[in-house]
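The values are calculated or read from the model by the stated rules, or taken from the named source; none is laboratory data. What you are looking at is a predicted structure, and each value in this text was computed from that prediction instead of being measured. Ideal geometry is used to build each Cβ from the backbone, glycine not excepted, and the neighbour counts take in all protein chains shown.
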Amino acid sequence: MAKLTTEDLYVLCRNDPEFQMASRYWTGGVRLEIGEATLGVCVRDGQTDKGVPGHGTGVVTISGPEEIWDQVRSGNPPRFMNDINIATGKGGLSWNGDRLAWWQRLPAIQRLCELIRTSDPPAGEIGREGRGHGSFDSPVGRYLRLELQGSEHRIYFEEAGEGIPLLLQHTAGSHGVQWRHLFESRAITDNFRLIAYDLPFHGKSIPPVGREWWSEQYRLKGDFLRSVPLAISKALELEQPVFMGCSVGGLLALDLAQKHPETFRAVISVEGALHVGGNLNALEGFWHPQVSNETKATMMEGLTAPASPLPYRKETTQTYAAGWPPVFLGDLWYYIAEYDLRELASTIDTSEVGVHIFSGEYDFSATLEKGREAHEAIPGSSFCEMRDIGHFPMSENPAKFIEYLLPVLESIKGA
């Protein structure tokens, strides 16, 4: 693979608008130790400068064997090597230096690592967007007032289609716009009534006015989370709906199948698992007041696949940058700290509620291996391994996800 120089890094970063925006107000830089070679780029008050920065405030060093860097630099990196935050965790690289700078400047650092790739990633398929100026997309949005654990909530939801009700739960820290592509698929909406809702505190579902939520630590707990789709189903008088959720929603799908099988005819767990686990206290990038939401967006982009269409990958992460800062970490309370179905999965009766599990190849969080483990623990479940897709199938690569999804929807319709 072509050798890099410090001069190459300077030219690449200096001429890249994305790096320039991400490095604003930064004084420090990045050192790359690629095998025996050391190169880098300096930044002084947001201005890219030549030279390898010394160790100190604002500087991070990323190091590893040349053969690992070759994977990171390939046009279509293998799973877990496409994102520098993941590659320095379990991918064979390591980093050291200013810890706060790492989180604050992760968007710039990730962009630098994209710039040194030897070729562009494969271009994914972008569907036909829109119907012309002044036209309308399919979904219609409304607010639904629900009593949830003693407080009245205004829950925003969008719906389109007719037939079997299909409730759609977004990922942690995001909102229902992630499902927008499914609303435009006639192959789905001709047979299913899609209902995508925003959890309280997410998207257009504003906080309740009946309590001082601003003085509380936001934590998404399982009993509350489970109550939302149950209350929506009851209020809308849905008859045995299908539930589909991704990430935190993927875990919720299996949770509902175990605890409320009588309510749903089937659940679809996208990026689901029996247990994810992790250390919430180690997620400084999610809670530090000196780290912006741009870092959250960058971390989520690292969970998408390089082959997914870039505009859709960026759209997926924009919703994270736009969210209320405490909500993402608070959602991870359920995802990381509370949820655990390892001892209960075998009690799920798939003759009562269908269970379908989808896992993306490039998902570092709820991995293929975790999805397969859930499938093997739930007798009668189905499992789909989605190649060249990451943690957000429905929004990062909707055309490919719909191809995977339609056979399962057809089986649910037939049943």
For the range 225-253, how many residues meet the condition of being out of contact with any Phe, Trp or Tyr (no Cβ under 9 Å at 6 or more places or on another chain) and not charged (D, E, K, R)? 6
So how many residues does the range 105-124 have that are in a loop (DSSP other than H, G, I, E, B) and either under 13 Å from GLY302 (Cα atoms) or in contact with a helix residue (DSSP H, G or I) (Cβ under 7 Å, 6 or more places away or on another chain) (or both)? 3
Can you confirm whether THR298 is touching a Phe, Trp or Tyr at 6+ places or on another chain (Cβ under 6 Å), closer than 28 Å to GLU129 by Cβ and surrounded by 16 or more Cβ atoms within 10 Å (Cβ to Cβ)? no
Among residues belonging to the range 27-42 that are surrounded by 19 or more Cβ atoms within 10 Å (Cβ to Cβ) and touching a helix residue (DSSP H, G or I) at 6+ places or on another chain (Cβ under 8 Å), point out the one that is nearest to ILE109 (Cα to Cα). VAL30
Residue count, the range 301-328, condition closer than 18 Å to PHE401 by Cα and among the hydrophobic types (A, V, I, L, M, F, W, C), comes to 4
Among the residues listed as ALA307, ALA282, the single one being over 21 Å from HIS260 (Cβ atoms), of a type in the set (Gly, Ala, Ser), free of Cβ contacts under 8 Å to residues at least 12 places away in the same chain and in the same structural domain as VAL267 (by TED's automatic domain parsing): ALA282
Restricting the search to the range 177-222, which residues are over 25 Å from the mean Cα position of the chain (by Cα) and not aliphatic (A, V, I, L, M)? ARG186, ASP190, ASN191, PRO208, GLY210, ARG211, GLU212, TRP213, TRP214, SER215, GLU216
When you look at GLY127, is it surrounded by fewer than 19 Cβ atoms within 10 Å (Cβ to Cβ), in a loop (DSSP other than H, G, I, E, B) and out of contact with any Gly (no Cβ under 6 Å at 6 or more places or on another chain), yes or no? yes
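Report yes if some residue within the range 151-171 is closer than 17 Å to SER247 by Cβ, touching a Ser or Thr at 6+ places or on another chain (Cβ under 6 Å) and either assigned by TED's automatic domain parsing to the domain that holds MET394 or of a type in the set (Val, Ile, Thr) (or both); otherwise report no.
Taking the range 151-171 and keeping what is closer than 17 Å to SER247 by Cβ, we get 167-171.
Within this subset, residues satisfying the condition of being touching a Ser or Thr at 6+ places or on another chain (Cβ under 6 Å) are 171.
Next cut, either assigned by TED's automatic domain parsing to the domain that holds MET394 or of a type in the set (Val, Ile, Thr) (or both) only: 171.
Among the residues of the range 151-171, at least one is closer than 17 Å to SER247 by Cβ, touching a Ser or Thr at 6+ places or on another chain (Cβ under 6 Å) and either assigned by TED's automatic domain parsing to the domain that holds MET394 or of a type in the set (Val, Ile, Thr) (or both), which makes the answer yes.
Wholly within the range 144-201, which strands (runs of 3 or more DSSP E) include no fewer than the required count, namely at least 2 residues that are under 23 Å from PHE392 (Cα atoms) and of a type in the set (D, E, K, R)? I'd like the intermediate steps shown before the answer.
Values: elements: 151-160, 164-169, 192-197.
Those strands (runs of 3 or more DSSP E) span 151-160.
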Unmet criterion (only one of (1) within 20 Å of LEU405 (Cα to Cα); (2) crowded, with 23+ Cβ neighbours inside 10 Å) for ILE188: (2)
Could you tell me whether the range 96-104 includes any residue that is in contact (Cβ under 8 Å) with a residue 24 or more places away in the chain and in a loop (DSSP other than H, G, I, E, B)? yes
GLN290 meets each of (1) modelled with pLDDT under 95; (2) within 23 Å of CYS113 (Cβ to Cβ); (3) part of a helix (DSSP H, G or I) with one exception, condition (3)
For the range 219-262 the number of residues that are aromatic (Phe, Trp, Tyr) and part of a helix (DSSP H, G or I) is 1
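Give me the residue from the range 263-287 that is part of a loop (DSSP other than H, G, I, E, B) and among the aliphatic types (A, V, I, L, M) and, out of that set, nearest to GLN217 (Cα to Cα). Break it down stepwise before answering.
So in the range 263-287, the residues part of a loop (DSSP other than H, G, I, E, B) come out as 263-265, 271-279, 283.
Among the residues that remain, those that are also among the aliphatic types (A, V, I, L, M) are: 273-274, 276, 283.
Values: ALA273: 26, LEU274: 26, VAL276: 22, LEU283: 16 Å.
Residue satisfying both the conditions and the ranking: LEU283.
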Quick check on the range 126-148. Is at least one of its residues under 30 Å from ARG73 (Cα atoms) and modelled with pLDDT under 95? yes
Scan the range 135-155 and give yes if some residue there is exposed (fewer than 12 other Cβ atoms within 10 Å of the Cβ), of a type in the set (A, V, I, L, M, F, W, C) and out of contact with any Lys or Arg (no Cβ under 8 Å at 6 or more places or on another chain), otherwise no. yes
